[in-house]
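Student: Okay, handing you the structure first.
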């Protein structure tokens with residue numbers, strides 16, 4: 001029952017009785033400061049708990065985010081989003097270029113950068129034509145305006161009539177004549193109903209399919225016309241990882257993207273993708289591919305960055321060769337060797353322990369970068385071999401000479417204008433070996449050159465007698481006529497001869513003359529030098545030599561002096577070879593249709609190992625079996641010009657120099673140095689021996705008194 005309160009009472013307060021059943025266990029009276037400190041401690045404890053919870057959440061999120069699956073999923077999502085965005089950019093760019101002259105303007109910039117004036121003018125004309133067409137279309141739109149206005153008015157009238165018809169139908173329905181009104185348009189209503197059903201049923205599917213196709217198209221554009229960023233790259237294609245795989249198209253494109261060449265980077269940004277002339281294929285012990293480079297990106301620029309390209313492909317520079325085929329301008333011909341293949345030891349020389357050789361078929365001298373054997377021709381061939389000291393020139397020369405020795409018909413003469421022992425072991429099979437860089441050795445080399453000039457002419461005459469102008473030296477002719485036996489003549493350290501103050505110019509003239517004519521007559525010349533410059537090497541020899549071999553070279557001028565002008569720009573360069581490391585490796589032209597890398601066989605002659613002597617002994621045995629003997633070569637082969645001139649003078653006091661030269665040819669008809677000797681050259685040689693030039697009645701003469709005086713002085717010096 002509720003207790004009533006009086007009207008004058010505002011409220012009645014009820015006091016609950018105090019509880020007496022609660023027992024105080026413990027209590028403490030604290031001050032305000034202690035109470036505040038207690039509250040702060042409780043708050044700190046609560047904060048510590050919250051922080052511990054936050055740390056646990058952070059660690060959990062970090063663990064999940066750092067998991068491989070999360071990273072993979074993130075990369076996949078980022079990659080797909082990037083592809084779609086990039087594809088949309090490419091699509092918009094293509095539409096923009098199609099509707100404007102942006103593409104033509106870009107082509108004009110590239111043509112101007114490349115210096116192609118004809119192409120620039122052609123593109124400019126096309127751009128002007130495109131602008132005229134676009135202007136014509138705009139003018140047509142302006143002239144079609146009135147027609148469009150009339151059409152709009154007609155459509156408006158038709159719409160008003162339709163609205164009036166609909167209004168009549170509505171009034172008819174309002175008056176109850178529904179059947180009469182609907183009967184004529186029942187078929188139209190059925191058609192509209194069916195169309196609505198079709199759109200509702202299949203429209204969504206068609207729109208979905210169109211969306212999927214559009215997204216797929218954008219993804220394809222983005223994937224094939226963009227550079228994937230590192231954060232979105234798959235785990236096996238991140239920068240620094242996966243580069244040691246086969247250098248396929250993807251790896252090559254990635255290496256080109258990271259080449260650091262501005263025009264190539266711009267081409268990639270504009271959506272360029274390479275057109276593969278030849279897909280990457282396995283060739284020998286490496287990989288070969290060809291691709292067409294974009295405009296303003298010549299192969300020369302790629303070859304200049306060969307070191308970076310090799311690094312991007314995880315190769316040494318000597319294992320990557322970017323070149324430009326002569327018949328395919330603008331195409332990058334790229335060959336990438338297997339890792340370490342060019343540092344492995346070359347297989348033994350095939351003729352090291354057995355076998356013979358045929359001068360007319362050639363000698364195995366090296367292997368190419370693909371591992372195939374290289375044959376060095378001897379017949380109708382001349383060699384120009386250069387490379388700094390320690391690059392391995394001798395390895396190729398030794399293979400050529402040992403192979404020639406294994407043909408009993410071949411005569412071999414060697415002039416080394418320095419003191420070295422490379423040819424000493426071959427001495428028993430050589431017809432002559434002259435070593436040294438002193439005046440007498442230079443004279444001996446000059447005598448050989450002069451003799452070769454006359455010998456070339458004599459051999460040409462013999463061939464003409466045998467078969468006319470088209471006659472060629474064959475093995476049958478060489479075996480039948482001793483005068484036509486093949487000859488191999490070596491001039492090593494030849495720069496000493498070509499830079500000689502007295503004989504240099506004459507030596508260059510004679511060398512060029514012999515090199516041009518000797519190939520058809522069975523004479524093979526080997527010009528060997530560590531210096532490859534215009535001063536030490538006649539330019540004509542590098543043009544006429546059939547085989548040009550460049551071992552390690554310091555600069556591109558020397559490289560082109562050996563291999564030919566422009567070879568360095570086209571990628572055929574020996575400047576990346578390192579003497580002492582790439583020993584026996586060279587860039588060579590003449591062995592195949594295109595220049596390429598070769599590695600010479602190594603026949604050793606060093607402390608404790610002698611592989612040359614057994615080959616020489618086998619060659620001597622082959623000569624004995626064939627009835628052709630080879631005598632040991634003397635240390636130097638020459639004649640005493642002063643003594644011969646004194647004998648040729650007879651009793652004359654001052655005969656003409658031309659007459660003395662003719663008498664010398666009669667005195668020593670088999671000495672080749674006298675066969676091409678002229679009066680002027682004889683006077684020059686005598687001046688070098690201390691006999692001053694004489695003149696009488698306008699002719700150069702040789703005074704007997706001066707010759708006798710020079711002989712007497714020489715005899716005193718000898719004593």
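Student: Scan the range 549-570 and tell me whether some residue there is more than 42 Å from the chain's Cα centre (by Cα), more than 19 Å from residue 367 (Cβ to Cβ) and assigned to a helix (DSSP H, G or I).
Tutor: Scanning the range 549-570, I find no residue that is more than 42 Å from the chain's Cα centre (by Cα), more than 19 Å from residue 367 (Cβ to Cβ) and assigned to a helix (DSSP H, G or I), so the answer is no.
Student: Among the residues of the range 361-372, how many are modelled with pLDDT of 90 or more and surrounded by fewer than 17 Cβ atoms within 10 Å (Cβ to Cβ)?
Tutor: Qualifying residue count for the region: 1.
Student: Provide a single number: the residues in the range 522-543 that are in contact with a strand residue (DSSP E or B) (Cβ under 9 Å, 6 or more places away or on another chain) and either modelled with pLDDT of 85 or more or in a helix (DSSP H, G or I) (or both).
Tutor: Selection size over the range 522-543: 11.
Student: Can you tell me which of 661, 654 is outside any helix (DSSP H, G or I), over 51 Å from the mean Cα position of the chain (by Cα) and at pLDDT 85 or above?
Tutor: 654
Student: Further question on the same structure: Please determine whether any residue of the range 581-596 is more than 53 Å from the chain's Cα centre (by Cα), modelled with pLDDT of 80 or more, on the phi < 0 side of the Ramachandran plot and buried (at least 18 other Cβ atoms within 10 Å of the Cβ).
Tutor: Looking for residues that are more than 53 Å from the chain's Cα centre (by Cα), modelled with pLDDT of 80 or more, on the phi < 0 side of the Ramachandran plot and buried (at least 18 other Cβ atoms within 10 Å of the Cβ), one finds none in the range 581-596, hence no.
Student: Considering only the range 297-331, state which residues are surrounded by fewer than 17 Cβ atoms within 10 Å (Cβ to Cβ), closer than 19 Å to residue 566 by Cα and out of contact with any strand residue (DSSP E or B) (no Cβ under 8 Å at 6 or more places or on another chain).
Tutor: Within the range 297-331, 300, 326, 327, 329 qualify.
Student: Taking the residues in the range 472-488 that are free of Cβ contacts under 8 Å to residues at least 24 places away in the same chain and outside any loop (DSSP other than H, G, I, E, B) as candidates, determine which candidate is surrounded by the fewest Cβ atoms within 10 Å (Cβ to Cβ).
Tutor: 476
Student: Being at pLDDT 85 or above and touching a helix residue (DSSP H, G or I) at 6+ places or on another chain (Cβ under 8 Å) is the requirement here; does residue 308 meet it?
Tutor: no
Student: Then there is this: Could you run through the range 110-137 and say how many residues are out of contact with any helix residue (DSSP H, G or I) (no Cβ under 9 Å at 6 or more places or on another chain), assigned to a helix (DSSP H, G or I) and modelled with pLDDT under 75?
Tutor: Going through the range 110-137 one residue at a time, the tally reaches 0.
Student: Tell me which of these residue 489 doesn't satisfy, since it passes every other one: (1) within 40 Å of the chain's Cα centre (by Cα); (2) over 30 Å from residue 603 (Cα atoms).
Tutor: If we test residue 489 against (1) within 40 Å of the chain's Cα centre (by Cα); (2) over 30 Å from residue 603 (Cα atoms), just (2) comes out false.
Student: Let me confirm something: among 73, 36, 45, 98, which residue is closer than 30 Å to residue 131 by Cα, at pLDDT 65 or above and not in a loop (DSSP other than H, G, I, E, B)?
Tutor: Of the residues listed, the single one that is closer than 30 Å to residue 131 by Cα, at pLDDT 65 or above and not in a loop (DSSP other than H, G, I, E, B) is 98.
Student: Kindly establish whether residue 703 is at pLDDT 85 or above and outside the structural domain of residue 407 (by TED's automatic domain parsing).
Tutor: For residue 703, the condition - at pLDDT 85 or above and outside the structural domain of residue 407 (by TED's automatic domain parsing) - is met.
Student: So which of 400, 430 ends up being modelled with pLDDT of 95 or more and either surrounded by 19 or more Cβ atoms within 10 Å (Cβ to Cβ) or closer than 20 Å to residue 536 by Cα (or both)?
Tutor: Of the residues listed, the single one that is modelled with pLDDT of 95 or more and either surrounded by 19 or more Cβ atoms within 10 Å (Cβ to Cβ) or closer than 20 Å to residue 536 by Cα (or both) is 400.
Student: Right, another one. Restricting to the range 262-296, name every residue that is closer than 21 Å to residue 567 by Cβ and modelled with pLDDT of 90 or more.
Tutor: Correct list: 290, 293.
Student: Do you know which of the residues in the range 686-700 that are surrounded by 15 or more Cβ atoms within 10 Å (Cβ to Cβ) and touching a helix residue (DSSP H, G or I) at 6+ places or on another chain (Cβ under 6 Å) is modelled with the lowest pLDDT?
Tutor: Restricting to residues being surrounded by 15 or more Cβ atoms within 10 Å (Cβ to Cβ) and touching a helix residue (DSSP H, G or I) at 6+ places or on another chain (Cβ under 6 Å), the top hit is 689.
Student: Being touching a helix residue (DSSP H, G or I) at 6+ places or on another chain (Cβ under 9 Å) and not in a strand (DSSP E or B) is the filter here, so list the residues in the range 326-345 that pass it.
Tutor: Those that are touching a helix residue (DSSP H, G or I) at 6+ places or on another chain (Cβ under 9 Å) and not in a strand (DSSP E or B): 329, 330, 338, 339, 340, 341, 342, 343.
Student: Continuing with the same structure: Give the residue, chosen from 632, 636, 668, that is surrounded by fewer than 14 Cβ atoms within 10 Å (Cβ to Cβ) and either under 58 Å from the mean Cα position of the chain (by Cα) or modelled with pLDDT of 80 or more (or both).
Tutor: Step by step, each of 632, 636, 668 is checked, and only 632 is surrounded by fewer than 14 Cβ atoms within 10 Å (Cβ to Cβ) and either under 58 Å from the mean Cα position of the chain (by Cα) or modelled with pLDDT of 80 or more (or both).
The values are calculated or read from the model by the stated rules, or taken from the named source; none is laboratory data. What you see is a predicted model, and the numbers here were worked out from it, not measured in a lab. Here Cβ is always computed from backbone atoms with ideal geometry, including for glycine, and neighbour counts include all displayed protein chains.
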